[in-house]
Amino acid sequence: DGTKSGFDIALTRAVADAVRAPVIASGGVGTLDHLIAGIREGHASAVLAASIFHFGEYSIPQAKLHMAAAGLPMRLDGLEAMG
């Protein structure tokens, strides 16, 4: 956590491909593209991030719109309320 160098894609993929339960990639997000990589390359069902939001580098609406623009399914309702 907090490295901002991206998810451990190899580990995430190994776990996601080995289990039937949904896998949420966590730890290391530094860019919005890292979120996309967690899904596409890591085969995660979902991704999470904290420090990029806590320190104001990106907003949740920015992240959701970036992922949607990359073609990932994303709930976009209520973004106006998030600012």
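Say R0 is 41 Å: what FRET efficiency, to the nearest 0.05, do residue 76 and residue 14 get from their beta-carbon distance?
0.85
What full-extension length gain, to one decimal in nm, is calculated for residue 55 and residue 43 as 0.36 nm per residue of separation minus the Cα-Cα distance?
1.6 nm
Placing +1 at every Lys and Arg Cβ and -1 at every Asp and Glu Cβ, with all other atoms neutral, what dipole size does the chain have around its Cα centre, in debye to the nearest 20?
Taking the Cα centre of the chain as origin, the dipole is about 160 debye.
Which listed residue (67, 38, 14) has the Cα farthest towards the positive end of the charge dipole for segment 9-82, taking +1 on Lys and Arg C-beta and -1 on Asp and Glu C-beta about the Cα centre?
After comparing all options, I get 14.
May I have the pair-distance distribution P(r) for segment 9-82, computed from all Cα-Cα distances with 10 Å bins from 0 and rounded to whole percent?
20, 50, 27, 4
Angle check, please: helix 9-18 long axis (alpha carbons) against the longest principal axis of the chain (alpha carbons), in degrees 0 to 90, nearest 10.
60 degrees
Throughout, read-outs are computed from the coordinates displayed, never taken from laboratory work. Owing to the predicted nature of the structure, the values given are computational and were not obtained by experimental measurement. Quick reminder, even Gly has a Cβ in these numbers, built from the backbone with ideal geometry, and neighbours come from all protein chains shown.
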